[in-house]
Amino acid sequence: MTCAALLVHRRQLLAGTALLALPAWVRAHHGWSSFDQERPIYLAGKALKVAWRNPHAELELDLAENLSLPADLKQRLLPRQTAPVDGSALLAKAQLPTRRDRRWQIELAPLTRMQAWGVAEIKAGDALELLGFSFAGERGEPVLRVEYLFAQGRIYGLRSAPA
C-alpha cells in the first residue's frame with residue numbers, strides 16, 4: 001500500500017471510530033416512515049442532555065415518576081401549521097408508552113423550524129410534555145419523534161411551519 005493510500009485509510013478509520021464514540025441517539029436520524037403514526041404517544045418529564053443542532057434538535061428525557069395522561073389533553077387548543085395534521089384526532093388517540101424505560105431519546109424539529117415557532121432553546125432540567133410517535137411497536141430503542149411540544153406554557157406543532 002502506498003503512503004498516500006495508508007494516510008487515506010488512517011483518516012477513514014479515525015472518522016469511523018469518532019462516529020462510533022457518539023451516543024446512538026446523536027448518530028440516529030430517522031424519516032417519518034420509521035414511526036407508528038397511528039399510535040400517538042404522550043410523554044412528560046425533564047430534559048437531561050440537549051443537543052440543539054441540525055439535522056434536528058434532540059434531547060434525552062427523564063420521564064415523570066407517575067406518568068399519566070393529563071385530564072385536559074384532549075381539549076388543548078393546538079396551533080395551526082402548514083402541514084395537514086389532524087391534531088385533535090392525535091390528542092384523542094394519545095396513549096402512554098407500553099415500554100417501561102425511564103429515559104427516552106427525543107427527536108424534535110430542525111432548528112429553522114424551531115426558530116419559526118419561537119421555541120426558546122431547551123436546557124437540561126426544563127420540564128416538557130410531548131406528543132409524538134415511537135418506532136412501530138415500540139421496538140428498538142426508546143425514541144420519540146415529536147409532533148407537538150408543550151413547553152414554557154406554550155404549544156408548538158413541529159411537523160411543519162406555523163400557519
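The values are calculated or read from the model by the stated rules, or taken from the named source; none is laboratory data. A quick note: this is a predicted structure, and the numbers were derived from the prediction, not measured. Please note: Cβ atoms are built from the backbone with ideal geometry, for glycine as well, and neighbour counts cover all protein chains shown.
Quick one: R39 ticks every box in (1) more than 17 Å from the chain's Cα centre (by Cα); (2) charged (D, E, K, R); (3) in a loop (DSSP other than H, G, I, E, B) bar one, so which box is it?
Tallying (1) more than 17 Å from the chain's Cα centre (by Cα); (2) charged (D, E, K, R); (3) in a loop (DSSP other than H, G, I, E, B), R39 fails exactly one: (1).
Within region 64-80, does at least one residue satisfy the condition of being at negative phi, at pLDDT 95 or above and under 17 Å from the mean Cα position of the chain (by Cα)?
yes
If I filter region 6-20 for residues that are at pLDDT below 95, in contact with a Lys or Arg (Cβ under 7 Å, 6 or more places away or on another chain) and not in a helix (DSSP H, G or I), do I get at least one hit?
For region 6-20, residues at pLDDT below 95, in contact with a Lys or Arg (Cβ under 7 Å, 6 or more places away or on another chain) and not in a helix (DSSP H, G or I): absent.
Collect the residues in region 84-120 that are polar (S, T, N, Q) and in contact with an Asp or Glu (Cβ under 8 Å, 6 or more places away or on another chain), keeping them in residue-number order.
Those that are polar (S, T, N, Q) and in contact with an Asp or Glu (Cβ under 8 Å, 6 or more places away or on another chain): T98, Q105.
Each row is one residue, and each column tells you yes or no for (1) under 19 Å from F35 (Cβ atoms); (2) assigned to a loop (DSSP other than H, G, I, E, B); (3) of a type in the set (V, I, T).
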site	(1), (2), (3)
D62	no, no, no
L67	no, yes, no
K74	no, no, no
A89	yes, no, no
P97	yes, yes, no
I106	yes, no, yes
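Which numbered condition trips up V85, out of (1) modelled with pLDDT of 95 or more; (2) more than 15 Å from the chain's Cα centre (by Cα); (3) closer than 19 Å to P162 by Cα?
Among (1) modelled with pLDDT of 95 or more; (2) more than 15 Å from the chain's Cα centre (by Cα); (3) closer than 19 Å to P162 by Cα, the lone unmet condition for V85 is (1).
Looking at A89, A94, A161, which is the one that is in contact with a Pro (Cβ under 7 Å, 6 or more places away or on another chain) and farther than 18 Å from A51 by Cα?
Unique residue meeting the criteria: A94.
What are the residues in region 123-141 that are surrounded by fewer than 21 Cβ atoms within 10 Å (Cβ to Cβ) and either at pLDDT 95 or above or not in a loop (DSSP other than H, G, I, E, B) (or both), if any?
K123, A124, G125, D126, A127, L128, E129, F135, A136, G137, E138
Could you list, ordered by first residue, the pairs with Cβ atoms under 6 Å in which the first is in region 74-96 and closer than 11 Å to Y148 by Cβ and the second is exposed (fewer than 11 other Cβ atoms within 10 Å of the Cβ) and among the hydrophobic types (A, V, I, L, M, F, W, C), at least 6 apart or interchain?
If the second residue must be exposed (fewer than 11 other Cβ atoms within 10 Å of the Cβ) and among the hydrophobic types (A, V, I, L, M, F, W, C), the pairs left are Q81/A163.
Name the pairs whose Cβ atoms lie under 9 Å apart, with the first residue in region 103-121 and farther than 12 Å from W52 by Cβ, the second among the hydroxyl-bearing types (S, T, Y) and assigned to a loop (DSSP other than H, G, I, E, B), and 6 or more positions between them or separate chains?
R113/S160
Of the residues V146, V119, which single one is of a type in the set (V, I, T), in a strand (DSSP E or B) and under 18 Å from E58 (Cβ atoms)?
Matching residue, one of V146, V119: V146.
Taking the criterion of being in contact with a Ser or Thr (Cβ under 6 Å, 6 or more places away or on another chain) and over 21 Å from Q152 (Cβ atoms), would at least one residue in region 100-110 satisfy it?
For region 100-110, residues in contact with a Ser or Thr (Cβ under 6 Å, 6 or more places away or on another chain) and over 21 Å from Q152 (Cβ atoms): absent.
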